[in-house]
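> Structure provided below as structure tokens; questions to follow.
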Amino acid sequence: MSASAGIDVRLSDITKEYPGVVALGGVSLELRSGEVHAIVGENGAGKSTLIKVLAGAVPATSGSITVEGQEFTKLTPALAQSLGIAVIYQEFTLVPSLTAAENVFLGHFLKRGAVLDRKNMDRIAAEQFARLGVRIDPRVQVGELTTGYQQIVEIAKALSRNARLLIMDEPSAPLTAAEVEAMYGVVDALKAQGMTIVYISHRMDEIFRLADRVSVLRDGQYVATRDITDTTRRELINLMVGRELSDGYPQRESAPGEVSLSVSGLTGNGVHDIGFEAHAGEILGFGGLIGAGRTELAELLFGAKPLEAGEVTLRGQSVVARSPRAAIAHRIALVPEDRKRHGLVLEFSIQDNITLPHVAEFANAGVVDRKAERALADKYMADLRIKAPSPNEIVGNLSGGNQQKVVLAKWLSTAPEVLIFDEPTRGIDVGARAEIYRIMNALAEEGRTILMISSDMEELIGMSDRIIVLREGVQQGVLAKEEITQESVLALAAEGEIV
């Protein structure tokens, strides 16, 4: 199957209104054939709504979309697909039990009479994979592939339907560092073939690596478009948040205090003989490659996975947690990497999520004191600046940054002494990142002990007082503040790799 040339698309005064909310207000953009056009903005800026309008998933309230000279006031999914518009979402729409080739042709299988033409599907799928610069056995079950290869199957599926404008929504979010590099190669290959690509990402390094032009949205409004060679990271951030943000990380005025948490010989869940001390008022960072054992260590400390050996003491008292409930009782909390699956009940309100760990405390004779619950939720919404109409707002409707604050509020309501942050800013925008960093620093200033796992090298270095580096479940060393550099972390993690 030959490569399809990209298409020129113009969005004119696109407005999308919901009851009481203007999700998009008169947005105009021009997408050019053969370019990578990045769209950036804070969570809630309107990026997702714009994607849905362009893909025909939701109709615009007003405005028009012009594709190769044809003007449309409304697109449907079928019409968008026929025009060559396809979206690669963060959550793939693949069937794990089917082969790679069967997934590529999902919904439009090739047949020879009444029988599937597997030979032809395998051949064309292999050609699509080759077009993307990778080798995937078309007969392998998709469930056996890595996330990175599954993403490529998703892209090949779009190409098999003659996609000419490919919208990629946070494509690097589920990928390892090596898979991200492979994904960059796929984008480069498609661009070289003349594909039009819309690239949505929170990661500035990706924007400057891949994009030809970048457009900024803020609060549902179009702000600006820049050639990537004519802008800077600082300018884009300022355009996104509408205010000046510091390039650095917030500094704390007080120094870490006495040892609060002591860990020795911790073994289990894939980690071996881990030992360290953490101080009150300290942010202790944990670095390492994917699979180094950082999340596994956090799960042990929180009692989410069984401990084989080791000792944990908090202020001299043994606090080995055999369950999350025991960890909470010992005043240890975990803000997990995947907030949607492990940190929140998305169908519940903000108020119900915040009070979830200790809802029994609000019950008297089987009746829940909703007024007391509301007072607690109001307090944390104000303290953490959670943006929502009320505590009754469903958490699934919030932006990623506000969801992360609700997770944090839930654990702060248990008065923890030790907080474990696993990838605290993954998938949230730059403005929300600054808020999370401010909160973490304030907690350290209060004397809490913070353990922070991060795969973002800048974040790891910028926020940590010390860094412990793991490799393949084994502790490689501890770096003092004055020893922390990207090179020193990488030297312990694995020379030449990216944390």
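> State all residues of the stretch 396-423 that are assigned to a helix (DSSP H, G or I) and among the hydrophobic types (A, V, I, L, M, F, W, C); if no residue qualifies, say none. Give the steps one after another, and end with the answer.
Filtering the stretch 396-423 for residues assigned to a helix (DSSP H, G or I) gives 396-397, 400-412.
Correct list: Val406, Val407, Leu408, Ala409, Trp411, Leu412.
> Closer than 30 Å to Gln486 by Cα and in contact with a strand residue (DSSP E or B) (Cβ under 9 Å, 6 or more places away or on another chain) - does that describe any residue in the stretch 395-406?
yes
> Oh, and also: Given the structure, is Val58 part of a loop (DSSP other than H, G, I, E, B) and surrounded by 14 or more Cβ atoms within 10 Å (Cβ to Cβ)? Let's see the steps before the verdict.
Values: part of a loop (DSSP other than H, G, I, E, B): yes; surrounded by 14 or more Cβ atoms within 10 Å (Cβ to Cβ): yes.
Considered against the rule, which asks whether it is part of a loop (DSSP other than H, G, I, E, B) and surrounded by 14 or more Cβ atoms within 10 Å (Cβ to Cβ), Val58 comes out as yes.
> Given the conditions (1) over 21 Å from Asp422 (Cβ atoms); (2) basic (Lys, Arg); (3) buried (at least 16 other Cβ atoms within 10 Å of the Cβ), which single one is not true for Arg315?
Exception for Arg315: condition (3).
> Name the residues in the stretch 346-386 that are under 12 Å from Val406 (Cα atoms) and touching a Gly at 6+ places or on another chain (Cβ under 8 Å), would you?
Leu346
> State yes or no: is Gly431 in contact (Cβ under 8 Å) with a residue 40 or more places away in the chain and part of a loop (DSSP other than H, G, I, E, B)?
Values: in contact (Cβ under 8 Å) with a residue 40 or more places away in the chain: yes; part of a loop (DSSP other than H, G, I, E, B): no.
Here the answer is no, as Gly431 does not meet what is asked.
> Also: Quick check on the stretch 318-335: of everything there that is basic (Lys, Arg) and farther than 19 Å from His272 by Cα, which residue is surrounded by the most Cβ atoms within 10 Å (Cβ to Cβ)? Even if it seems obvious, please write down each step before you answer.
Filtering the stretch 318-335 down to residues basic (Lys, Arg) leaves 322, 325, 331.
Checking the rest, the ones that are also farther than 19 Å from His272 by Cα come to 325, 331.
Numbers: Arg325: 11, Arg331: 17.
Looking at residues that are basic (Lys, Arg) and farther than 19 Å from His272 by Cα, I get Arg331.
> Also: State which residue is surrounded by the most Cβ atoms within 10 Å (Cβ to Cβ) when the search covers only the stretch 461-477 and only residues that are in a loop (DSSP other than H, G, I, E, B) and charged (D, E, K, R). Before you say what the answer is, go through the steps one by one.
Within the stretch 461-477, the first condition is being in a loop (DSSP other than H, G, I, E, B), and the residues that meet it are 464-465, 472-473.
Checking the rest, the ones that are also charged (D, E, K, R) come to 465, 472.
Numbers: Asp465: 20, Glu472: 14.
Among residues in the stretch 461-477 that are in a loop (DSSP other than H, G, I, E, B) and charged (D, E, K, R), the one surrounded by the most Cβ atoms within 10 Å (Cβ to Cβ) is Asp465.
> Sticking with this one: Which condition breaks for Gly107 when tested against (1) free of Cβ contacts under 8 Å to residues at least 60 places away in the same chain; (2) part of a loop (DSSP other than H, G, I, E, B); (3) under 22 Å from Pro171 (Cα atoms)?
With respect to (1) free of Cβ contacts under 8 Å to residues at least 60 places away in the same chain; (2) part of a loop (DSSP other than H, G, I, E, B); (3) under 22 Å from Pro171 (Cα atoms), Gly107 is out only on (3).
> Here is a follow-up. Identify, from the list Glu308, Glu373, the residue that is surrounded by 15 or more Cβ atoms within 10 Å (Cβ to Cβ), more than 22 Å from Thr176 (Cβ to Cβ), in the same structural domain as Gln404 (by TED's automatic domain parsing) and free of Cβ contacts under 8 Å to residues at least 60 places away in the same chain.
On the way: Glu308 fails: surrounded by 15 or more Cβ atoms within 10 Å (Cβ to Cβ).
From the options Glu308, Glu373, the qualifying one is Glu373.
The values are calculated or read from the model by the stated rules, or taken from the named source; none is laboratory data. Since the model is a prediction, treat every value here as computed from it, not as a measurement. Don't worry about glycine lacking a Cβ; one is built from the backbone with ideal geometry, like all the others, and counts go over all protein chains shown.
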